[in-house]
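Below is one structure, written out as structure tokens, with a few remarks after it.
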Amino acid sequence: MSRREVTVASLAELHERGRIVVSIDGTELGLYSHAGEIRAWRNLCPHQGGPACQGKFLPRTIEVVDDAKRAAPGISSEHKSIVCPWHGFEFDVLTGRHVVDERVHLIAVPIRSQGDEVIVSI
Ligand code: FES
């Protein structure tokens, strides 16, 4: 089966919103913008098929250790996660990998921009 390219969004709108979920002929995709990069993932969680791209999209929670070796929760300024709304599996927005088990990952969809158009290949 051959792929075709489809214009799905405005690049300016994607950068502004951070996430846009679209449906193309019944295939749902999550489009993301983070740190100047864009990504497209199938809206399909590898755990049990939940709509991963319709969950929360937030900075990753990390453990911060101070000079006295005390640990406390913190927020990453560089990593953001896609959190599946069904059971909370968390995926890195740029790699699509589960934050703990890298063998578990979202399905990537080729994406590029041309001018202000965001184009995916499905
Ligand atoms: S279906 Fe996504 S975490 Fe279970």
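Annotations
- Residue within region 24-37 that is under 23 Å from residue 100 (Cβ atoms), open to solvent by 50 Å² or more (accessible area, probe 1.4 Å) and touching a Ser or Thr at 6+ places or on another chain (Cβ under 9 Å) present: no
- On inspection, residue 34 qualifies as of a type outside the set (Gly, Ala, Ser) and within 26 Å of residue 114 (Cβ to Cβ).
- Answer from 59, 46 - the residue that is closer than 25 Å to residue 2 by Cα, open to solvent by 50 Å² or more (accessible area, probe 1.4 Å) and touching a His at 6+ places or on another chain (Cβ under 9 Å): 46
- Strands (runs of 3 or more DSSP E) contained in region 20-122 and holding at least 3 residues away from the ligand (no atom under 15 Å from the Cβ): 27-34, 37-42, 56-65, 71-83, 111-114, 117-121
The values are calculated or read from the model by the stated rules, or taken from the named source; none is laboratory data. Note that the structure is a prediction, hence the values are computed from the model and not measured. Reconstructed Cβ throughout: ideal geometry from the backbone, glycine too, with neighbour counts over all protein chains shown. We work out accessible area using only protein heavy atoms, side chains counted, and drop any ligands, DNA or RNA first. Shrake-Rupley method; radii C 1.70, N 1.55, O 1.52, S 1.80 Å.
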